[in-house]
Each structure stands twice: as C-alpha cells, then as structure tokens.
1. Evaluate the following for residue 53: is it assigned to a helix (DSSP H, G or I) and under 30 Å from residue 157 (Cα atoms)?
2. With farther than 26 Å from residue 163 by Cα, surrounded by 15 or more Cβ atoms within 10 Å (Cβ to Cβ) and under 18 Å from the mean Cα position of the chain (by Cα) as the only criterion, which of 110, 35, 71 stands out?
3. Across region 97-118, which residue is modelled with the lowest pLDDT among those that are farther than 24 Å from residue 130 by Cβ and in a helix (DSSP H, G or I)?
4. If residue 24 meets every condition in (1) modelled with pLDDT under 95; (2) outside the structural domain of residue 141 (by TED's automatic domain parsing); (3) buried (at least 16 other Cβ atoms within 10 Å of the Cβ) apart from one, which number is that one?
5. Report, by residue number, each residue of region 56-69 that is closer than 18 Å to residue 14 by Cα, in a loop (DSSP other than H, G, I, E, B) and either free of Cβ contacts under 8 Å to residues at least 40 places away in the same chain or not assigned by TED's automatic domain parsing to the domain that holds residue 32 (or both).
6. What's the total number of residues in region 72-92 that are in a loop (DSSP other than H, G, I, E, B) and within 12 Å of residue 34 (Cβ to Cβ)?
C-alpha cells in the first residue's frame with residue numbers, strides 16, 4: 001500500500017466516533033480499523049487471522065500507527081470493530097476508495113447487482129437471509145456503493161438510493177452517468193432517479 005493511501009485511510013478513521021468507555025481503552029480505534037481494513041484487502045476474514053496478520057506486519061504498521069499496547073487480540077478486533085456506527089464506517093471507506101481512484105462515477109458505467117449473502121439465513125434464531133444490492137463501477141473494477149434491502153423484492157425501489165450513494169461530487173451535481181438497464185430497474189424507477197431513457201433494442205437509463 002502506497003504511503004498516500006495509508007495516510008488518507010488513517011486520517012479518515014482518526015475522527016471516527018469511538019463508542020467505548022473512556023479510561024478503559026487499551027488500543028486506538030483508528031489503529032484497529034486500519035489493520036482490519038488492510039487484512040480484509042489481503043483476503044483475510046476471521047479475527048484470529050487478522051490478529052496474526054497484524055503481528056506478522058507489526059513493524060510496518062508501527063511506521064504510521066501508534067499501537068501503544070501492540071497488536072490487539074482477535075477478541076478485541078471482533079468486539080471493537082462491531083462497535084462503531086456502520087454507516088459512518090462505510091462512508092469513510094467509500095471516501096477513501098473514491099479519493100484513490102479519482103472521480104468515482106462521472107462518465108463511467110455502473111452495474112447494479114442484487115445478491116443474497118451466503119449462510120446469512122439462520123432458521124434457529126429466526127434470522128432471515130440478508131439481501132444486498134451493489135453498485136459496481138466497471139472502469140475501476142470496484143464496488144462504490146452497497147445497500148441492504150429488507151426483502152429481495154425491494155431491490156428495484158432501492159436502486160435510486162444506491163445511485164445517490166455513489167455521488168460524492170459537489171452539492172447539486174449528478175453522480176456521473178451510471179448505466180443500469182431500464183428493463184432491469186424499471187422505467188418508473190429510472191425516471192424517479194433523475195435518469196433519461198434511451199430507446200433501442202436494449203433500453204438504458206443514463207443518470
């Protein structure tokens with residue numbers, strides 16, 4: 001990871017609200033979040049492996065993180081990472097990605113995709129499966145927006161909110177030119193999102 005990328009990530013997480021009790025904190029919130037993000041980018045998913053990743057690269061992390069008490073334990077990673085506001089965390093990740101890749105959506109194609117998360121359904125606890133819709137920017141090969149929907153049938157109505165989420169330009173500007181097919185998102189939905197429909201054998205909505 002380049003120096004500019006890690007410095008920006010650290011700066012975004014420094015002002016992240018910390019819900020933990022003051023006086024009972026051994027590790028900095030931004031240290032934990034930065035290590036977690038780096039580990040996930042390397043393909044690690046379990047907290048024990050994230051702890052191992054942090055210890056294996058501790059010397060490198062110390063070049064820009066504080067780490068007053070070393071690398072946190074896997075239990076600390078899991079508990080602390082679940083504490084911050086998820087919307088605030090997601091917004092900072094999006095800002096980081098957009099800053100690294102430049103103008104996020106202007107003049108680019110956005111693919112809207114809905115999926116059900118594997119193993120998210122739990123019959124024993126009565127937890128329903130989690131349905132997500134993603135906005136994938138083709139030119140950057142990256143997901144720039146993601147929303148959870150209550151039911152898979154609500155994907156269409158959530159698309160305008162997802163398109164709005166992808167916009168980080170000046171106030172009042174459009175989010176570039178996302179290109180979902182109007183046949184998939186529905187003519188009314190595309191118009192409600194402020195899109196213009198293009199006629200043809202494969203109608204498209206330009207926003």
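The values are calculated or read from the model by the stated rules, or taken from the named source; none is laboratory data. Treat the numbers as computed from the prediction; the structure is a model and nothing was measured. All Cβ positions, even for glycine, are placed from backbone atoms using ideal geometry, and neighbour counts span all protein chains on display.
1. no
2. Working: 110 fails: farther than 26 Å from residue 163 by Cα; 71 fails: under 18 Å from the mean Cα position of the chain (by Cα).
It is 35.
3. 101
4. (3)
5. The initial filter retains those residues of region 56-69 that are closer than 18 Å to residue 14 by Cα, namely 61-69.
The next check asks that each one be in a loop (DSSP other than H, G, I, E, B); those that pass are 62-69.
Hits for region 56-69 are 62, 63, 66.
6. Number of matching residues: 1.
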